Structure formats: C-alpha cells, structure tokens
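The values are calculated or read from the model by the stated rules, or taken from the named source; none is laboratory data. Bear in mind that the values here come from a model prediction, so they are computed numbers and not experimental data. Backbone-built Cβ (ideal geometry, glycine too); neighbour counts: all protein chains shown. We work out accessible area using only protein heavy atoms, side chains counted, and drop any ligands, DNA or RNA first. Shrake-Rupley method; radii C 1.70, N 1.55, O 1.52, S 1.80 Å.
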Amino acid sequence: MRSIRAAATGAVTITLALAASACGGGSGAGGSNDSPKTLTYWASNQGASIEVDKKVLQPELDKFEKQTGIKVKLEVVPWSDLLNRILTATTSGQGPDVLNIGNTWSASLQATGALLPWDAKNFDKIGGRDRFVDSALGSTGAQGKDPAAVPLYSMAYALYYNKKTFADAGISKPPATWDELIADGKRISAKGKQGLGAEGSNLSENIHHVFVFAKQHGADFFAADGKADFTSDGAVAAVKQYVDLMAKDKVIPAGNAEYAQNQSVSDFAKGRTAMLLWQSASANLKSQGMSEDQYGIAPVPVQSGAPGTGTNVNSMVAGINLAVFKNTRNLDGAANFVKFMTSDAEQKILNTAYSTIPPVKSAQADSAFNTPANAVLKDTLAKSAAPLPQVAEESQFETTVGTAVKELFADAAAGRPVTTESVKAKLQKAQQQMPAK
C-alpha cells in the first residue's frame, strides 16, 4: 500500500467486518447510484494533497465518460479514513462501485466477501490475468483464491539521500548496510543536519519498515499456519533495530516520534533531513519543490552484503489495487472502468503522474519508466521485495503492531529505555489483541 499515506488508525474495528460480511456493495447496490450511466469511485490519496489527486484523475475520468458515456463520481479519500470507510461500506452496503485499496489489505477485505472475485472470466473482461506482473498479483488476496482486486500502481521502498548534504559531510556514496547508514547519519549530525526522517505515528509506515527488518532477521509475523507470531526472537530484534535508529543510534530525530502523514517527506524536501526511506517518492518531492538533481536514490540498506532474496529483502511489495463491490448494480460499467484504468495508455499517464511503476507488463516496458530512479524501484520489485502476509488478519496486524511501534518511538523520544524486554512486552500485547484462530 502507499503509506504516504498514513495509517488507518481505526482499523481495530476490522474484526466487525471480517465476521460480517458478504453484505457489502457499491453505491449502486443500495446507494444513490442506480443508473448504468454513473459510477462512484473512491480513490486513495496518492499525491502530495487531495487537490493534486483531483487534478491528476479528473481529466482521465472525463476521458472515460467521453468514451463510454459513463460519468464517474470521484472522491479522493485520505489514508487516515480509507480503511474504516471501506469497512463501513462492507457492512452497510452503502459505498462506491469501484475503489482503491492498499494492496496489503487485499486478503483482509477479501475475507469480508464484499469484493468481486477476479476469476478467469472477469480477468478476460480486462484483457487477461497475464497482462499483470507476478509480484503485483502476489498482493491481491489470499493464496489459492481468485484475487479480490486488480493491481493499479506498483511501488517499492528506496533510500533517498540529499547529494549536497552527503558531499558536505564528506560521504561519497549512499549506505548499503544499516551500520553504514548509522555511521553516515552520525557524520551528518556532526555537521548540524538531521540524519534520517521517519514517521513514528504513521502505523502503516511502521509496519512496512519492521516487516522488512523482520525479513532481514529471518522472521515473519505470522507462522506457517497463519497464526500471529509477533514475539519470536527475530520479530523482536527487527522492531528493536528499527526503533533503535532513534533510541540508541540517534540518527532519527526524537521529534519524528510524533510525525504522521507526509511529514518526513516534507522535511527531506526542505533539506532538514539527509535521508528518507519512502515508496516511489519522486512526484511527491517534486510537488514540494525538490528537483531530481538534488537527491539520489539507492536500495534500502540490508544487514550485510547486497539486496536480494531471502534475508536480504529490503522492501515490501507496495502498491494500490482496484477493487469492485460485487453487488454493484453497474457491474459492466465497473468492469469497463477497471479495463480503462489498467489500459496501457492510462497506466502510462497515471503511473507517470505518481512516479510509480505500472503493474501491467506492456506499460512497464515503456521507455518512460526506464529512468535511473525507476531502475532502482523496478530492480527492487523484481529481486528483493516481498509481499506482506496475505492473511485475513493482516489489517489487524497493521493496527496492533503499528501501534506497538508507535508507543516504542514515544518511549524513545521521551528518553525511556527501549529494551528487548520492553519491545517483547509491546508485541505480546499486540498479539493478544489479534482474533483467536
């Protein structure tokens, strides 16, 4: 998912919907949209603001209306509200026809029974499943089931670094390991700048980073049987290593414990911090006045060596999926809209606007996506990214563990000790909040 993008902080209410279920539907399924000539679309906030998204999307929706005669009513929903809005729609039947979902939520929302399954017949309506890259399809729902959504934008994490700040500190290349990042951060701090930005109050960002650290420690947050396993040695070490970037290593400023949506990006764009770990940030940085020649892009560091498969995973498979409420009264129109949004032409326009990678193979091959910045992201997605657990409880995991990390950052900022024991206690509490299996 795009956690530019903030956490769905009320997602504790998810347990309501996962048991309740298949009663969801689009606005045409009991809402105000009963006409085959209209669709309601909830888009997630991808740009630097909701207004930026409207400027990107409205011309394309107007183009779709001109081609098909179907008017699309757009609402751009902030990430802080999106998950709860979707869950409310799944239980009330009052919602959009088509919507964006963070790809990490796919299995959780699939479990509600409210979303249209993308079986072979439905994929044929939009040109076939084979049009999409495998890594993107891997984050569309539970393994062994028809996808609950279709990939729209693909993203990967990268390390963005300020070239001038690095040069001023006498650093000639970006760090490849966490030890190097810490050393570079301390050299930069000695020159009066801040090392690495983070968003300690952004639950989704917390989850994405500790997931990667866990992979690098050979751990997962769920066992093979799908049960929560938050307190393994590897998971505890992963969370502690991330929080220690503030608590022990002092390369993340203490004030970042309170940061939420986009604040770390803004600090980086304004030159306050020298490094940023973010998903496909170029368009966001440009909108905040930072030119591409001011920063470099490198793979996210690993424990040692170089990024790759196994314990050298350095990103989650990030992205946005398009979903359809299965009992919309405008299923044909919704399918046409998904076909339009995943067409080669629209994939090029939209992914260029958001500096993301098209999950459609033929669009991804376009020369527009062969820039140096995209090379890092595409290489990461192909070689060293892993999908977050595609289990029904994934959304609760994001909330409970994301909150645990938020509380640990608050401890670090306040000067309270962050120890292996305190980390394990927070993760144990998070695990106890998960539904029993």
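Some points to look at:
- Residues being open to solvent by 10 Å² or more (accessible area, probe 1.4 Å) and either among the polar types (S, T, N, Q) or outside any loop (DSSP other than H, G, I, E, B) (or both) - total across segment 96-124: 6
- Restricting attention to segment 91-107, the residues that are at pLDDT 90 or above and farther than 20 Å from MET155 by Cα total 3.
- Some residue of segment 409-420 being free of Cβ contacts under 8 Å to residues at least 40 places away in the same chain, more than 25 Å from the chain's Cα centre (by Cα), assigned to a helix (DSSP H, G or I) and over 19 Å from SER201 (Cα atoms): no
- Of the candidates LYS240, LYS286, LYS215, the single residue that is among the basic types (Lys, Arg), at pLDDT below 95 and part of a helix (DSSP H, G or I) is LYS286.
So that you can scan it fast, the table gives a plain yes or no per residue for (1) out of contact with any helix residue (DSSP H, G or I) (no Cβ under 6 Å at 6 or more places or on another chain); (2) surrounded by fewer than 24 Cβ atoms within 10 Å (Cβ to Cβ); (3) within 18 Å of GLU394 (Cα to Cα):
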| residue | (1), (2), (3) |
| --- | --- |
| LEU137 | yes, yes, yes |
| GLN143 | yes, yes, yes |
| TYR160 | yes, no, no |
| LEU181 | yes, yes, no |
| LYS186 | yes, yes, no |
| GLY192 | yes, yes, no |
| GLY200 | no, no, no |
| PHE211 | yes, no, yes |
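- Residue match in segment 218-229 (condition: of a type in the set (Phe, Trp, Tyr), in contact with a helix residue (DSSP H, G or I) (Cβ under 9 Å, 6 or more places away or on another chain), surrounded by 24 or more Cβ atoms within 10 Å (Cβ to Cβ) and not in a loop (DSSP other than H, G, I, E, B)): no
- Matching residues in segment 279-305 - criterion: being of a type in the set (A, V, I, L, M) and open to solvent by 60 Å² or more (accessible area, probe 1.4 Å): none
- Qualifying residue in segment 293-306 (condition: assigned to a helix (DSSP H, G or I), at pLDDT 95 or above and in contact with an Asp or Glu (Cβ under 8 Å, 6 or more places away or on another chain)): no
- Test: residue in segment 6-19 that is of a type in the set (Ser, Thr, Tyr), at pLDDT 50 or above and either farther than 27 Å from GLN396 by Cα or surrounded by 15 or more Cβ atoms within 10 Å (Cβ to Cβ) (or both): no
- Taking first residues from segment 55-77 that are more than 14 Å from LEU350 (Cα to Cα) and partners that are surrounded by fewer than 14 Cβ atoms within 10 Å (Cβ to Cβ) and of a type outside the set (Lys, Arg), the Cβ contacts under 7 Å between residues at least 6 apart in sequence or on separate chains come to LEU74/GLN58.
- Test for GLY127: is it in a loop (DSSP other than H, G, I, E, B), surrounded by 17 or more Cβ atoms within 10 Å (Cβ to Cβ) and more than 17 Å from the chain's Cα centre (by Cα): no
- Residue check, ALA148 among the hydrophobic types (A, V, I, L, M, F, W, C), at pLDDT below 95, open to solvent by less than 30 Å² (accessible area, probe 1.4 Å) and farther than 30 Å from ALA190 by Cα: no
- Criterion (in a helix (DSSP H, G or I) and within 17 Å of MET155 (Cβ to Cβ)) met by exactly one of ASN351, ASN336, ASN321: ASN351
- Under the condition of being open to solvent by less than 20 Å² (accessible area, probe 1.4 Å) and more than 20 Å from ASP134 (Cα to Cα), the residues counted in segment 378-417 number 14.
- Sole exception among (1) open to solvent by 20 Å² or more (accessible area, probe 1.4 Å); (2) among the aliphatic types (A, V, I, L, M); (3) touching a residue at least 40 places away in the same chain (Cβ under 8 Å) for ALA375, by number: (3)
- Residue match in segment 355-368 (condition: more than 30 Å from ALA176 (Cα to Cα), open to solvent by 50 Å² or more (accessible area, probe 1.4 Å) and either of a type outside the set (Gly, Ala, Ser) or not in a strand (DSSP E or B) (or both)): yes
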